[in-house]
Structures are given as C-alpha cells and as structure tokens.
Amino acid sequence: MSKQEVHKKSPRSTRYSSWMMFLLVVFVLGAGALFVVHEERAFPIEEVIVRGEVNPADQAQIQKILKPAVENGFFNVKLQKMQASVQSLSDISQAEVRRIWPATLLINVSAQKPVARFGNNSLINAYGEIFQVNLSQEEVKKLPKFIGDVTSTVQMLSYYQQISDILKPLNMQIIAVESDPGQFLSVTLDSGVTLKLGRDNVLDRVERFAKVYPEVFATNARRAQEVDLQYQNGMAVKWAS
C-alpha cells in the first residue's frame, strides 16, 4: 500500500493568511463606512408628517426646527435633539420624532391642554405644570382659577379633581381654588359660596357639606356666602343679608 503524503502548513504561512484576512475585513468595513458618509445626503427626506393639534405659531416653530434635518438628509437626523426642541415649545406637552424608511420624518405631538388658570397670564395643564399660551379671554374665563404658590399647583389640582367628583351629583362646579402660605385650602363654587376647608381632612369636610346640602342649602344656595367646615362636627355659615 502506498503511503499518503500529508502537507502541513507552516506557522508562518498561517499567520500570513490571518493577517491578510484581517486587512481585508478592515478594508471592506472602512470602504463601507466611507460610502455611507459620502452618500448620506443622497438619501433626502421627501416627506414630513406632523400629527397632533398644533397652533399656527408652534407650527411655524416646528418647521424651523425641522429645516436642518430636511436639508441634511435621512441619516443625519438627530432624533433626541429634535424631539427635545419640539417638546420645549410652550404649547407642546409631549413630542416623538421617528424616521420611516426610506424618506419620511414623522413627528407626533400632544398639545398642552389647560385645565385651570394661574395668576394673570399662566395656565396649568393636567399634570399641574404651569405654562403660557395664547388663549382668548373668553376661553380663559371658562377655566377655574388657582390662587397660591407655584409649588402648590399639583396639590391644588389633585384637590380640584377630587372635590369636583364629590360635588358632581349636586350639579355644582368649582370656579376657584385657593391655597394660602399655610396650605389652608378654600374653594369657591359657581353658586358664589366659598368653602373653607383648612389643611387636614379636606375631602371628609367636603363630604360633610355634600351630605347636608339638600336640606340646608338647596333652597338658599345663592344666599350662602361662606361655609367654614374647619369644625370637627359641624360648620359655620355666613349668609348674605
């Protein structure tokens, strides 16, 4: 029987082949990277979609923010930076910017929705945050007025929502919420009466008022000017003369 000859590669040959393979990979990756960098502008943004309610002033600002992205191309869009810029606009609560292949930029925006007015020129959104936006005087007057320190808006909003739920079956609405420096709370209703609720057990006191309202106040609601509920088992009523 003839012996088969086995040829083994030398260590030097193996090292040479490995280096050649490594250099080939580096060359391919480098060439690809250069191609992408060179061709980024060859992928222009052809469509910009803005979804959400946006007023004309903010629409113009959004277009201004988007202009560099449209000019620089699809791959050069800095999504997080653009999203932060759009979200910083006064009437925008949240923003999301996304690329859609091959040539679309999508911006989803949520407009600030005022639930109350604060001070002379500010509004409060559903998170208790203060913001400014242009509204007609008629629209502003429809909102309840919050009076207090800027640090108390979240608490006032929470009380406003919970007290409104308690008074809803009685068809009463809150037109003003006030929190003084000591965080003593009072609310004014659309009938004109002010409820002095104090700082503790606020919701229990409102429940007490709602319970006696049909018997004590229903026929004289317009005559009651102030109801002090800061008593443990009762209330003091100030009637119009």
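Filtered by the rule that a residue be aliphatic (A, V, I, L, M), farther than 15 Å from residue 87 by Cβ and surrounded by 14 or more Cβ atoms within 10 Å (Cβ to Cβ), segment 107-129 gives 115, 116, 123, 124.
Scanning segment 178-196 for residues that are surrounded by 15 or more Cβ atoms within 10 Å (Cβ to Cβ), under 23 Å from residue 214 (Cα atoms) and either within 30 Å of the chain's Cα centre (by Cα) or not assigned by TED's automatic domain parsing to the domain that holds residue 146 (or both) yields 186, 187, 188, 189. Screening the candidates 202, 154 for the property of being β-branched (Val, Ile, Thr) and surrounded by 17 or more Cβ atoms within 10 Å (Cβ to Cβ) yields one hit, 202. Mind checking which residues of segment 77-102 are touching a helix residue (DSSP H, G or I) at 6+ places or on another chain (Cβ under 6 Å) and within 16 Å of residue 46 (Cβ to Cβ)? The one that is touching a helix residue (DSSP H, G or I) at 6+ places or on another chain (Cβ under 6 Å) and within 16 Å of residue 46 (Cβ to Cβ): 77. Close contacts from segment 140-151, counting a first residue that is over 11 Å from residue 119 (Cα atoms) and assigned by TED's automatic domain parsing to the domain that holds residue 175 and a second that is part of a loop (DSSP other than H, G, I, E, B) and modelled with pLDDT under 95, with Cβ to Cβ under 8 Å and a gap of 6+ residues or different chains, come to 143/114.
Which one is surrounded by the fewest Cβ atoms within 10 Å (Cβ to Cβ), of the residues in segment 78-104 that are in a loop (DSSP other than H, G, I, E, B) and modelled with pLDDT of 85 or more? My answer is 101.
Screening the candidates 64, 9, 3 for the property of being outside any strand (DSSP E or B), modelled with pLDDT of 75 or more and not assigned by TED's automatic domain parsing to the domain that holds residue 148 yields one hit, 64. With respect to being in contact (Cβ under 8 Å) with a residue 40 or more places away in the chain and closer than 19 Å to residue 174 by Cβ, residue 116 fits the description. Filtered by the rule that a residue be within 21 Å of residue 162 (Cα to Cα), assigned to a strand (DSSP E or B) and either out of contact with any Leu (no Cβ under 7 Å at 6 or more places or on another chain) or not β-branched (Val, Ile, Thr) (or both), segment 183-239 gives 185, 186, 188, 189, 194, 195, 196, 197, 198, 226, 228.
The values are calculated or read from the model by the stated rules, or taken from the named source; none is laboratory data. This structure is a prediction, so every number in the text was calculated from the model and none was measured. A quick note on method: Cβ atoms are made from the backbone with ideal geometry, for glycine too, and the neighbour counts reach across all protein chains shown.
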